[in-house]
Amino acid sequence: MALTPQQTRELDSLIVERRNALAAELRQDARKTRAEQFGEVAGEVPDSGDESVASLIADLDQADWSRDLDELRGLDAAHERIENGGYGVCVECGRDIGFERLRATPAAIRCIDCQTRHEKTFAGPGAPSL
Ligand SMILES: [Zn+2]
């Protein structure tokens, strides 16, 4: 069933809200990581390979970031599809994704069936599954 204009508006505000929260989180993380990298972490463990610990944490944070950035990009793209059309339609089979799934995952680009198939085919560590 296609989305009603009211459902679309509801999903759009979910998307914008989540996007703004995520962007704020990323800015905060960036500040925190800089502080950790150039001070606290290296300073706390001065005797045991402190540099590698600091760089390990930096790497972990970067993995976090890229997940968050992927999500941010997905939300931006979803917002654009709402504006330009094509939102809520599965990119693989062309059927409607459905309001309930979109409410849980507003940036979803696939219906449940295609998503399940996609995850089986492309399952890998850290792969975002929208
Ligand atoms: Zn589909």
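No value in this document is a laboratory result; all are computed from the given coordinates. All figures in this text were calculated on a predicted structure; none of them were measured in a lab. Cβ coordinates were reconstructed from backbone atoms using ideal geometry, including for glycine residues, and neighbour counts include every protein chain displayed.
Worth pointing out:
- Dimensionless Rg ratio for the range 77-125, taking C-alpha atoms and the 2.2 N^0.38 Å reference: 1.14
- Once the Cα-Cα distance is subtracted from the 0.36 nm per residue extended length, the Phe38 to Ala104 segment shows a gain of 19.9 nm.
- 9 Å beta-carbon shell around Cys114, net charge (K/R +1, D/E -1): +1
- If R0 is 35 Å, the Cβ-Cβ spacing of Asp29 and Lys120 corresponds to a FRET efficiency of close to 0.65.
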